[in-house]
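Asker: Here you go, one structure.
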Amino acid sequence: MTAETLDLALRAAELDATDPLAAHRDRFVPSPDVVAYLDGNSLGRPLIGTAERLDRFVREEWGGGLIRAWTGDGPATSTQPWMDWPGWVGDRIAAAALGARPGQTVVADSTTVLLYKLTRAAVDAQARDGRTEIVLDTDNFPTDRYVLEGIAAERGCVLRWIEPDPAEGVTPEQVAAVVGPGTGLVLFSHVAYRSGWLADAAAITRIVHDAGGLVLWDLCHSAGSVELSLDAWGVDLAVGCTYKYLNGGPGSPAFGYVRRDLQEVLRQPIQGWMGRRDPFLMGPGYTPAAGVRGVVSGTPPILAMVPLLSALDQLDEAGIATVRAKSVALTEFAVELVDAWLAPHGVEVASPRDPARRGGHVTIRRAGFHSVLDELWRRGVIPDFREPDGIRVGLAPLSTSFAEVHTGLAVLRDLLAQPS
Ligand SMILES: *Cc1c(COP(=O)(O)O)cnc(C)c1O
């Protein structure tokens, strides 16, 4: 071992020893063949408490309560009436992760469907004022681009594309240059899925508002990882996943945020019975429920929200500020290891080097990385790959140790050092 290698191993150990969140790692279900899980930004690990909670839910709330649990009747259930879960769990996410007051967040649908519902509502409201342009960027996650391309075709809108630097992301200057009197809706990811760029949401929201537009932030790679202040930033709309940093499990439903004063103005297009006022009257015609409940369309995915409850307990206990501080420390350490070990093999950091502009993952690039990924997975090191040549090192602060980052990148270093 060289002195430098030894030094980095010692530093990983020291960072773990002083990590205030270290105890949380033991609360996750072990994955015996994994030596470094570097994809918590794509699918968070399950908590041991989630398995227990699901079991209890099936036996007591579902089995014990049956249909009565929808309205909170029957034997005492441990939680809220299921009817209230979209708003109840939404408020819990808002408090733990979004910097948002109650009554503005619901859990429903997939991110893609919720994105459609909220962007369509915003586009229609703005079109009434002759604002028919939608601003988006070429580097956004595919679903965001596809949904807006579909809505533009459906409603006759013009798409105004921003082309960000691939190793960075959308800047306030770029936004200021495209918004104007025609701007209806602006949609960006707060943390870019590819580069990890952390957009200046406060500044961009202000610029869009000054131009008369509405802004929707996609928070998939932000919620549970970086600090958010949706209310303070004056954000209009937001959506996000719960299966990434919020550990809700594969396909867990999304959350949507609608600022309180927009709730009576915007009408989402999927008018289902569960978003209607007095759903059990089953009456003629659709009148949306008051408040953010009107975002709900059909029967809420109660079972799929159960894991979130354990994850939110854990996030409440840890505190998002502490989570973000560890996230910055983890990505700083990863960048340091890449510079020391991988740069000599032609690997580049394709994420911002300024931690204030970086979310919870670090993307590294090198031609031919796709084939290296297969070998990493075989050795139990699990990052993911994003076209064209990026390996994403995703670092979920509650479940990832500094030693894991060290181990994972050491395996990659050794692979690159092999003569090919
Ligand atoms: C993960 C992700 C999605 C996922 O959408 P689903 O409907 O849950 O598949 C959407 N947008 C962004 C930016 C993402 O990172």
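Just so you know, all these numbers are worked out from the coordinates, no wet-lab data involved. What you see is a predicted model; the values in this text were computed from it and never measured. Every residue, glycine among them, receives a Cβ derived from its backbone with ideal geometry; neighbour counts consider all protein chains shown.
Asker: Quick one: net charge of Pro269's neighbours, Cβ under 11 Å, K/R +1, D/E -1? Intermediate values should be presented prior to the final figure.
Answerer: On the way: positive: Lys117, Arg120, Arg155, Arg267; negative: Asp124, Glu154.
For residues surrounding Pro269, the net value is +2.
Asker: For the chain, set up a Gaussian network in which alpha carbons nearer than 10 Å are linked by springs, and say which option among Pro32, Pro388, Pro301 fluctuates the most.
Answerer: Pro32
Asker: Starting from the amide H of Asn247, placed 1.01 Å from N in the peptide plane, find each other amide H under 5 Å away whose residue is 5 or more places distant or on another chain.
Answerer: Sorted by chain and number, the residues that satisfy this are Gly44.
Asker: Here's a follow-up. For region 79-316, what is the charge dipole size about the Cα centre, in debye to the nearest 20, if Lys and Arg each add +1 at the Cβ and Asp and Glu each add -1 at the Cβ? Intermediate values should be presented prior to the final figure.
Answerer: Working: 18 positive and 26 negative charges, 149 e Å.
My answer is approximately 720 debye.
Asker: I would also like to ask the following. State the extension gain, in nm to one decimal, for the chain segment bounded by Leu281 and Ala325, taking 0.36 nm per residue of separation less the distance between their alpha-carbons. Spell out each step's value before the answer.
Answerer: Values: separation 44, 0.36 × 44 = 15.84 nm, distance 4.93 nm.
Result for the pair: 10.9 nm of gain on full extension.
Asker: OK, next. Top mean-square fluctuation among Pro46, Pro253, Pro75, Gaussian network model of the chain, C-alpha springs under 10 Å?
Answerer: Evaluated over the chain, the most mobile residue of the options is Pro75.
Asker: Scan the chain and note any complete DSSP helix (H) whose C-alpha atoms cover at least 24 Å along its axis and whose Kyte-Doolittle average is -1.0 or more. Please list the in-between numbers first.
Answerer: Details: long enough: 302-318 (25 Å, 1.09); 320-337 (25 Å, 0.95).
Span-like helices, by this rule, are 302-318, 320-337.
Asker: Moving on. Can you figure out the FRET efficiency of His370 with Val35, using R₀ = 22 Å and their beta-carbon distance, to the nearest 0.05?
Answerer: Numbers: r = 21 Å, r/R0 = 0.94.
Between His370 and Val35 the formula returns 0.60.
Asker: From Cα pairs below 8 angstrom and at least 6 apart in sequence, can you work out the relative contact order of the chain, rounded to a whole percent?
Answerer: Numbers: 833 pairs, mean separation 98.2, N = 420.
About 23 percent, as a whole number.
Asker: Express in nm, to one decimal, how much length is gained between Ala417 and Asp316 on full extension, taking 0.36 nm for each residue of separation and deducting their alpha carbon distance.
Answerer: Values: separation 101, 0.36 × 101 = 36.36 nm, distance 4.28 nm.
Roughly 32.1 nm would be gained on extension.
Asker: Compute the distribution of all C-alpha to C-alpha distances in the chain, in bins of 10 Å from 0, and list the percent of pairs in each, rounded to whole numbers.
Answerer: Each 10 Å bin holds this share of Cα pairs: 5, 22, 30, 24, 14, 5, 1, 0.
Asker: Note the full-extension length gain between Arg128 and Ala176 as 0.36 nm times their separation in residues minus their Cα-Cα distance, in nm to one decimal. Please report the intermediate quantities before stating the final value.
Answerer: Numbers: separation 48, 0.36 × 48 = 17.28 nm, distance 2.30 nm.
Value of the extension gain: 15.0 nm.
Asker: If Lys and Arg each add +1 and Asp and Glu each add -1, what is the summed charge of the other residues whose beta carbon sits under 15 Å from the beta carbon of Trp233?
Answerer: Details: positive: Arg101, Arg206, Arg259, Arg260; negative: Asp200, Asp210, Asp218, Glu227, Asp231, Asp236, Asp261.
With Lys, Arg at +1 and Asp, Glu at -1, the neighbours total -3.
Asker: Could you give the semi-axes, largest first, of the ellipsoid that matches region 79-316, computed as the square roots of 5 times the alpha carbon gyration tensor eigenvalues and rounded to whole Å?
Answerer: On the way: eigenvalues 148, 96, 43 Å².
Equivalent-ellipsoid dimensions as semi-axes: 27, 22, 15 Å.
Asker: Identify, among Gly64, Ala94, Ala254, the residue whose Cα sits farthest towards the positive end of the charge dipole of the chain, taking +1 on the Cβ of Lys and Arg and -1 on the Cβ of Asp and Glu, with the dipole about the Cα centre.
Answerer: Working it through, the farthest residue towards the positive pole turns out to be Gly64.
Asker: Express as a percent, rounded to the nearest 5, the fraction of DSSP beta bridges in region 205-348 (both residues included) that run antiparallel.
Answerer: 60 percent
Asker: Something else now. Using a Gaussian network for the chain with springs between C-alpha atoms less than 10 Å apart, which of these wobbles most: Met305, Met282, Met83?
Answerer: Met282
Asker: Taking every DSSP beta bridge with both residues inside the chain, roughly what % is antiparallel (nearest 5)? Don't jump to the answer; show the numbers that get you there.
Answerer: On the way: 21 of 40 bridges.
Of all bridge pairs located within the chain, approximately 50 percent are antiparallel.
Asker: Given charges of +1 on the Cβ of Lys and Arg and -1 on the Cβ of Asp and Glu, with all other atoms neutral, how large is the dipole of region 304-376 about its Cα centre, in debye to the nearest 20? Each step should come with its number before you reach the end.
Answerer: Numbers: 7 positive and 10 negative charges, 58 e Å.
Taking the Cα centre of region 304-376 as origin, the dipole is about 280 debye.
Asker: I want the local charge near Gly248. Using Cβ-Cβ distances under 14 Å, sum +1 for each Lys or Arg and -1 for each Asp or Glu among the other residues. Before the final figure, lay out the partial values.
Answerer: Details: positive: Arg45, Arg53, Arg92, Lys244; negative: Asp109, Asp313.
For residues surrounding Gly248, the net value is +2.
Asker: Given charges of +1 on the Cβ of Lys and Arg and -1 on the Cβ of Asp and Glu, with all other atoms neutral, how large is the dipole of the chain about its Cα centre, in debye to the nearest 20? Intermediate values should be presented prior to the final figure.
Answerer: Details: 38 positive and 52 negative charges, 207 e Å.
Using only the charged Cβ atoms, the result is roughly 1000 debye.
Asker: Can you list, by residue number, the Cys in the chain that have no neighbouring cysteine C-beta under 4.7 Å?
Answerer: Those would be Cys157, since no other cysteine Cβ in the chain comes under 4.7 Å of theirs.
Asker: How much of the DSSP bridge set in region 79-316 is antiparallel, in percent, rounded to the nearest 5? Can you show the working numbers first?
Answerer: On the way: 9 of 25 bridges.
The antiparallel proportion sits near 35 percent.
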